[in-house]
1. Would you say residue 326 is more than 27 Å from residue 120 (Cβ to Cβ) and without any contact (Cβ under 8 Å) to a residue 12 or more places away in the chain?
2. May I ask you to list pairs of residues, at least six apart or on different chains, whose Cβ atoms are under 6 Å apart, with the first in the stretch 565-580 being under 14 Å from residue 379 (Cβ atoms) and the second being part of a loop (DSSP other than H, G, I, E, B) and not hydrophobic (A, V, I, L, M, F, W, C)?
3. Quick one: count up the residues across the stretch 192-218 that are under 24 Å from the mean Cα position of the chain (by Cα) and outside any loop (DSSP other than H, G, I, E, B).
4. So which of 353, 298 is outside any strand (DSSP E or B), at pLDDT 95 or above, crowded, with 21+ Cβ neighbours inside 10 Å and not acidic (Asp, Glu)?
5. Determine whether the stretch 306-327 contains at least one residue that is assigned to a strand (DSSP E or B), within 13 Å of the ligand (Cβ to nearest atom) and buried (at least 18 other Cβ atoms within 10 Å of the Cβ).
6. In the list 464, 472, 521, which residue meets the criterion of being more than 20 Å from residue 394 (Cα to Cα), among the acidic types (Asp, Glu) and surrounded by fewer than 20 Cβ atoms within 10 Å (Cβ to Cβ)?
7. When the residues of the stretch 223-243 are filtered to those that are within 13 Å of the ligand (Cβ to nearest atom), surrounded by fewer than 19 Cβ atoms within 10 Å (Cβ to Cβ) and not charged (D, E, K, R), which remaining residue is nearest to residue 314 (Cα to Cα)?
8. Considering only the stretch 415-438, I want to know if a residue exists there that is surrounded by 16 or more Cβ atoms within 10 Å (Cβ to Cβ), without any contact (Cβ under 8 Å) to a residue 24 or more places away in the chain and in a helix (DSSP H, G or I).
Amino acid sequence: MAWAMAVVCASIQGVRTRLSGTAEKLSASDPRTDVAATHAVTNQATPYEDVDLWRANAALRDALAWHHPGYDRGRIQALGRSAGSAALQQQARLANLHRPVLRTHDRFGRRVDQVEFHPGYHALMEHACHARLHGAPWREGPGGHLERAAAFMLATELEPSVLCPVSMSYAVAPSLRANPALEAAFGPGLAAAAYDPRFAPPAGKTGLTMGMGMTEKQGGSDVRANTTRAEPEGEDAWGRRFRLTGHKWFFSAPMCDAFLVLAQAPGGLSCFFLPRWQPDGAVNPVAIQRLKDKLGNHANASAEVEFDGTTAWLVGEEGRGVPQILAMGALTRLDCALGTAGLMRAALALALHHTAQRQAFGRPVGEHPLMRNVLADMALETEAATALALRLAAAVDATEHGCATRAGADVAHETVMRRLLTPVAKFWICKRGSLLAQEAMECLGGNGYVEEQGEGVMARIYREMPLNSIWEGAGNIMALDLLRALRGHDVAAAVAHECAAARGSHPAFDRALACVLHAVERGPEEAQARRLARDVALLLQAAVMRSHAPAAVFDSFCASRLDDAADVFGLLDAGLPMQAIVERASPAQGGTAS
Ligand SMILES: Cc1cc2nc3c(=O)[nH]c(=O)nc-3n(C[C@H](O)[C@H](O)[C@H](O)COP(=O)(O)OP(=O)(O)OC[C@H]3O[C@@H](n4cnc5c(N)ncnc54)[C@H](O)[C@@H]3O)c2cc1C
């Protein structure tokens with residue numbers, strides 16, 4: 001349309017020139033007749049690439065330094081640069097544009113059940129495994145889970161969908177411990193800083209990945225409805241062996257080397273280890289029926305599969321499959337919180353980058369007072385998400401190692417915080433992520449809404465964002481899990497302890513603390529569980545930011561979130577230090593302002 005208008009304008013100009021009869025000669029290169037000149041691109045932002053994502057993210061740097069002062073700076077700095085590189089961003093674009101393709105049969109009609117990925121997918125997987133985002137922290141000392149958590153957030157800014165198999169390969173470790181033979185066989189491959197994409201027996205591979213299969217057609221949240229049957233078949237070096245018959249309605253990353261799945265054994269719903277190759281070198285039958293046609297998460301394959309005489313080994317106690325596999329689910333929930341915080345940062349950074357360059361009404365869009373309010377509000381939300389997700393990672397790290405990286409932290413307290421924060425952080429951060437993505441998209445105006453062969457990163461973020469809220473337990477399931485956490489632990493004492501340092505710092509904080517303690521002690525009815533999850537999340541976001549965020553951020557968060565429940569972004573009160581908040585979050589500042 002613009003091109004057509006340009007041609008029309010040029011020809012009108014030509015007619016006018018002839019009619020006026022002027023002696024003026026217009027050469028071919030004169031800007032008034034040069035059609036190319038009408039295509040000059042002005043006032044567009046530069047691509048947000050070749051950015052040092054670690055240096056740009058002051059909120060994450062401050063949070064990690066507070067929880068783990070001795071973190072490996074060289075490693076995370078290197079990841080910040082690689083994850084922000086134009087070269088890997090190009091791979092992310094291609095991996096999302098060229099979606100995985102399912103091959104069910106070969107040309108002779110034999111089943112092959114393999115998924116082919118674009119080389120960009122493999123490049124991103126290799127990057128993630130080399131960055132030790134999968135099983136590596138289980139072989140590292142105190143602080144390993146925290147460093148991995150910060151790195152996971154940075155890698156999410158690059159591309160979130162490959163992090164599905166990476167996350168499952170990380171999270172499986174505690175469940176796998178229940179079968180020491182399998183742990184010994186697969187643990188080293190899951191922790192190796194290597195990615196081996198071959199569909200081949202695991203013994204000959206340099207690196208391994210794992211997935212999980214719980215959800216069936218007739219029930220996902222309610223896994224008790226699972227109908228896949230497990231018939232005992234014997235026993236071998238990997239323990240009790242079963243034959244599985246049934247299906248899984250969602251089975252992501254089906255090219256992983258093995259999966260934890262739930263199936264009904266004679267003794268009840270149980271957890272099984274299902275490898276794609278059997279120990280004798282035969283392929284284990286997993287019929288991939290089709291790949292899901294998803295809203296986003298395009299680089300990753302999510303399959304529907306059927307088992308027919310598929311071999312699997314018992315993990316943990318027969319009949320105790322749900323708690324067994326939920327040891328894995330608790331850690332993928334951590335990754336949902338981390339990943340969403342990372343995606344929020346990506347959306348915010350794009351919005352800040354664009355609005356700093358795009359001019360409207362005589363100055364950069366970001367300098368208009370109303371836009372500054374929107375940006376500052378999104379920055380507060382993103383910093384709060386980052387802080388809460390990393391707080392949960394700190395609890396995981398301390399409880400796994402039996403000691404904390406931060407002086408004075410108490411492991412008994414961390415145990416309660418881990419139990420409490422897993423559903424709270426997963427619920428609240430994922431809920432806020434989608435709202436923030438919509439607002440960040442709007443900051444880019446029309447450009448935010450276009451896909452442009454995968455160059456529209458904001459559109460990709462927007463499509464991806466709701467996923468973390470759904471999988472690994474949707475919002476209501478998280479809120480109900482919070483009620484379960486209240487029953488088993490002295491949550492009121494833990495919340496009071498967690499908030500002790502921030503008490504008295506802001507009147508809204510003190511009021512919110514009193515309300516939460518009252519609600520926790522009373523125990524809300526089921527229909528109010530989301531309200532409590534939100535209130536606990538906001539309170540603890542404020543408490544943790546009091547520890548490591550600048551006072552301007554803490555005060556503004558309390559003022560804008562704890563007294564009033566804000567509904568849209570950009571409602572910060574006039575007196576709040578919006579400019580300072582925006583400068584702290586700005587990638588151009590390298591996050592130096594405070
Ligand atoms: C892209 C993608 C990939 C996935 N990959 C995998 C995978 O690899 N492995 C796997 O096992 N699963 C996977 N899942 C499935 C996912 O974990 C489930 O979709 C999710 O757990 C919800 O289950 P469901 O779809 O059966 O919904 P349902 O269980 O039917 O829930 C529907 C709604 O009802 C709500 N609800 C349920 N029970 C209650 C209650 N008691 N009170 C109030 N509300 C309730 C839920 O919160 C939800 O909002 C994937 C999903 C997606 C979208």
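The values are calculated or read from the model by the stated rules, or taken from the named source; none is laboratory data. Because the structure is predicted, anything quoted here is derived from the model rather than measured. Cβ: placed from backbone, ideal geometry, glycine included. Neighbour counts: every protein chain shown.
1. Yes: the conditions hold for residue 326.
2. none
3. Our first condition is that a residue be under 24 Å from the mean Cα position of the chain (by Cα); within the stretch 192-218, this holds for 192-197, 207-216.
Filter again for outside any loop (DSSP other than H, G, I, E, B), leaving 210-213, 216.
Residues in the stretch 192-218 being under 24 Å from the mean Cα position of the chain (by Cα) and outside any loop (DSSP other than H, G, I, E, B): 5 in total.
4. On the way: 298 fails: crowded, with 21+ Cβ neighbours inside 10 Å.
None of the other options fit; the residue is 353.
5. Within the stretch 306-327, not a single residue is assigned to a strand (DSSP E or B), within 13 Å of the ligand (Cβ to nearest atom) and buried (at least 18 other Cβ atoms within 10 Å of the Cβ).
6. After ruling out the rest, the residue left standing is 521.
7. Result: 223.
8. Our first condition is that a residue be surrounded by 16 or more Cβ atoms within 10 Å (Cβ to Cβ); within the stretch 415-438, this holds for 416-437.
Narrowing the set further to residues that are without any contact (Cβ under 8 Å) to a residue 24 or more places away in the chain leaves none.
Within the stretch 415-438, not a single residue is surrounded by 16 or more Cβ atoms within 10 Å (Cβ to Cβ), without any contact (Cβ under 8 Å) to a residue 24 or more places away in the chain and in a helix (DSSP H, G or I).
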